[in-house]
1. If one computes P(r) from the Cα atoms of the range 44-120, what percent of pairs lie at distances over 16 Å?
2. Asp69 to Asp138: extension gain in nm, 0.36 nm per residue of separation minus the Cα-Cα distance?
3. With an 8 Å cut-off on Cα pairs and a minimum separation of 6 or more residues, tell me the relative contact order of the chain in percent.
4. Roughly to the nearest percent, how much of the accessible area of the range 1-155 is carbon and sulfur, given a 1.4 Å probe?
5. Show me 46-54, 133-141 ranked by packing, highest mean number of other Cβ atoms within 10 Å first.
6. Compute the FRET efficiency between Arg153 and Thr12 as 1/(1 + (r/R0)^6), taking r as their Cβ-Cβ distance and R0 = 35 Å, and round to the nearest 0.05.
7. Just to check I understand the Karplus step: with θ = phi - 60° and J = 6.51 cos²θ - 1.76 cosθ + 1.60, what whole-Hz values come out for the range 154-164, glycine and proline as x?
8. Extension gain Gln122-Leu95, at 0.36 nm per residue separation less the Cα-Cα distance, in nm?
Amino acid sequence: MGHSRAYPVFRTTDGDAAYARARELCGLLAEVEEPIMVEALIGTPERVRRVAEVVPGAWFEDAEGETYDPWAEPAGAVRFPVWVCQEEAPREAELPFLRAVGDERASLCWRGTWPVPWAHPQYDGVQVTFHSDDVELDRAAGTHTVFLHVDKRCPAGQVREFLAPAGYEPLGEARIGW
């Protein structure tokens, strides 16, 4: 973490609109990696199991930092929320993951390469957070936010120039990204 800067570029109360804008921004990437990263903070054992069903190989950790097996019983000893992450989820898991998460804080991340001189494939990408305005999902919110990730050495002015033809502009200061 910490080598990219995440610029918020779209915020809405409509989850479908946020997802559509994130996918639109992905269309600006010169290359998009096939796997996506999914992440969520989940508050019930039932939802954790639903996520485990649609995102094979996901990592689960409870609020105390203990590894959590969603299929183990009893679930009563687990401290919620449970953090779930899969850094290499298949693309077809996007919508099933969002349905399984429901109204919990969640994030979808697509890594790729921007078609600009300052591109850096390790740090470029698009992220959409649901029910949070934070790249780390630390803050719950009634909104959904789309972030553009770039290398930390990329000047903010170049990000603005890149976004302008697509009708976007940063909504605020960059945040530390992945």
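1. On the way: 1544 of 2926 pairs.
Beyond 16 Å sits 53 percent of the P(r) for the range 44-120.
2. Details: separation 69, 0.36 × 69 = 24.84 nm, distance 2.24 nm.
Gain on extension, Asp69 to Asp138, equals 22.6 nm.
3. Values: 386 pairs, mean separation 63.7, N = 178.
After rounding, I find 36 percent.
4. Working: 3510 of 7190 Å².
Result for the range 1-155: 49 percent of the exposed heavy-atom area is carbon or sulfur.
5. Numbers: 46-54: 19.6, 133-141: 16.3.
In decreasing order of mean packing, 46-54, 133-141 become 46-54, 133-141.
6. Details: r = 30 Å, r/R0 = 0.86.
Taking R0 as 35 Å, the efficiency between Arg153 and Thr12 is 0.70.
7. 6, x, 4, x, 5, 5, 4, 4, 5, 6, 3
8. Numbers: separation 27, 0.36 × 27 = 9.72 nm, distance 2.46 nm.
Once the chain is fully extended between Gln122 and Leu95, it gains 7.3 nm.
The values are calculated or read from the model by the stated rules, or taken from the named source; none is laboratory data. The shown structure was predicted, so the numbers you read here are calculated from the model rather than taken from an experiment. Please note: Cβ atoms are built from the backbone with ideal geometry, for glycine as well, and neighbour counts cover all protein chains shown. Just so you know, the surface numbers come from the protein's heavy atoms only, side chains and all, with ligands and any DNA or RNA stripped out. Shrake-Rupley method; radii C 1.70, N 1.55, O 1.52, S 1.80 Å.
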